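Trainee: Structure provided below as structure tokens; questions to follow.
The values are calculated or read from the model by the stated rules, or taken from the named source; none is laboratory data. Just so it is clear, the structure is predicted and the values come from calculations on it, not from any experiment. Glycine also receives a Cβ, built like all others from the backbone with ideal geometry; neighbour counts cover every protein chain displayed.
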Amino acid sequence: MRPTPLAAALGLALVLAGCAQVTALTDRPTAPQATEAQVSAATAVTRAPSPRPVARATPAQLDTTTPEQRAAAAQAPAASAETRLGTTVGSLGNPSEGGFWIKTPLVQERAQGRIVNPATGKSAQVELIPLTGGGSGSQVSLPALQLLGVSLTDLPTLEVYRS
């Protein structure tokens, strides 16, 4: 069976009629430009405000050690009772973890020790905690860094000793 010329003409008419429908969809009026007041109002809604002062935590708020603990950690033990493990670059560890500690690749098991900031000569007795990944530097607790007199954003070179 062959298609008749009438069927072909009707099919062509339907296709062309559909094209007219598509162009009607694209001929929309353009949206009006937003005024400066509208842009300002939208910006005020989409930008988050700064955290409330209560939500901010200062180093003093995060340091939960007592003055007695800080004084005990600042006392240097007898030099003959220590073994120097090496030097490491220290950075601030998790500030919500309390106590005096250093996570370092210089130890393989937990031990007591001491860290020294050669720039200031200050030291802190800390718990030495193993950290995998040699050459990655060390993480130091907030109270220990403060005891060493180091800014929390600095990356000091520290000497590490095992007691």
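Trainee: Would you mind finding the one in LEU131, LEU147 that is crowded, with 22+ Cβ neighbours inside 10 Å and either under 13 Å from ALA73 (Cα atoms) or of a type in the set (A, V, I, L, M, F, W, C) (or both)?
Mentor: Result of the check over LEU131, LEU147: LEU147.
Trainee: Tell me yes or no: at least one residue of region 77-99 is part of a loop (DSSP other than H, G, I, E, B), surrounded by 13 or more Cβ atoms within 10 Å (Cβ to Cβ) and either at pLDDT 95 or above or of a type in the set (A, V, I, L, M, F, W, C) (or both).
Mentor: Within region 77-99, not a single residue is part of a loop (DSSP other than H, G, I, E, B), surrounded by 13 or more Cβ atoms within 10 Å (Cβ to Cβ) and either at pLDDT 95 or above or of a type in the set (A, V, I, L, M, F, W, C) (or both).
Trainee: Just the residues that are closer than 21 Å to ALA60 by Cα, in a loop (DSSP other than H, G, I, E, B) and under 20 Å from the mean Cα position of the chain (by Cα), please, taken from region 100-149.
Mentor: SER141
Trainee: Then there is this: Among GLU82, GLU127, which is the only one that is under 16 Å from GLU159 (Cβ atoms) and among the acidic types (Asp, Glu)?
Mentor: On inspection, the qualifying residue turns out to be GLU82.
Trainee: Looking at region 143-163, which of its residues are among the β-branched types (Val, Ile, Thr) and out of contact with any strand residue (DSSP E or B) (no Cβ under 6 Å at 6 or more places or on another chain)?
Mentor: Of everything in region 143-163, those that are among the β-branched types (Val, Ile, Thr) and out of contact with any strand residue (DSSP E or B) (no Cβ under 6 Å at 6 or more places or on another chain) turn out to be VAL150, THR153.
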